[in-house]
1. Can you report the number of residues in region 28-54 which are surrounded by fewer than 11 Cβ atoms within 10 Å (Cβ to Cβ) and not hydrophobic (A, V, I, L, M, F, W, C)?
2. Which pairs turn up if I take residues in region 1-30 that are small (Gly, Ala, Ser) and look for partners that are modelled with pLDDT of 95 or more with beta carbon separation below 8 Å, at least 6 apart in sequence or on another chain?
3. Condition first: exposed (fewer than 15 other Cβ atoms within 10 Å of the Cβ) and outside any loop (DSSP other than H, G, I, E, B). Now tell me which residues in region 18-27 satisfy that.
4. Looking only at region 39-66, which residues are in contact (Cβ under 8 Å) with a residue 60 or more places away in the chain and farther than 12 Å from Arg6 by Cβ?
5. Looking at Ser83, is it within 26 Å of Thr98 (Cα to Cα) and part of a loop (DSSP other than H, G, I, E, B)?
6. Does any residue of region 56-72 turn out to be loosely packed, with under 15 Cβ neighbours inside 10 Å and over 30 Å from Ser100 (Cβ atoms)?
7. As an exercise: evaluate Thr98 against (1) modelled with pLDDT under 95; (2) exposed (fewer than 12 other Cβ atoms within 10 Å of the Cβ); (3) out of contact with any strand residue (DSSP E or B) (no Cβ under 8 Å at 6 or more places or on another chain) and give the number of the one condition it does not meet.
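The values are calculated or read from the model by the stated rules, or taken from the named source; none is laboratory data. Computed from a predicted model, the values in this text were never measured in an experiment. Because the Cβ atoms are built from the backbone with ideal geometry, glycine has one as well, and the counts that use them run over all protein chains shown.
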Amino acid sequence: MLAPVRTAAPSITPVTLTEAKSHVREDSADQDGVIEMMIDAAIALCDGYGGILRTALIEQTWQQDFPAFPVCEFRLALGPLISVTSIKYYDTNNAQQTLS
């Protein structure tokens, strides 16, 4: 199986700046930049195919390619899965087809 590729990043973060500031009991805006960098670092460490959790923390779009058509089922490298947009493959004439 080939590594999945993220094609659309999440539109929000799993933790907001306000939530993080509340957790560390920070009231001023002096450390907002530092806290935002810490949130980004934590997300990069945990989220997606390359993250230690190997799961998507927030809704995002991924493309999963396979070297061959599987015999019985597609096993995706990360989840949870919300929907499948399409399954495309190349037939014996090397023409791209979309599975119905």
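1. Count: 3.
2. Close Cβ pairs satisfying both conditions: Ala20/Ile35; Ala20/Met38; Ala20/Ile39.
3. The first filter runs over region 18-27 and keeps only residues exposed (fewer than 15 other Cβ atoms within 10 Å of the Cβ), leaving 18-19, 22-25, 27.
Thr18, Glu19, Ser22, His23, listed by residue number.
4. Looking only at region 39-66, we keep the residues that are in contact (Cβ under 8 Å) with a residue 60 or more places away in the chain, and these are 64-66.
Within region 39-66, Asp65, Phe66 meet the criteria.
5. On the way: within 26 Å of Thr98 (Cα to Cα): yes; part of a loop (DSSP other than H, G, I, E, B): yes.
So Ser83 fits the description; yes.
6. Within region 56-72, one or more residues are loosely packed, with under 15 Cβ neighbours inside 10 Å and over 30 Å from Ser100 (Cβ atoms).
7. (3)
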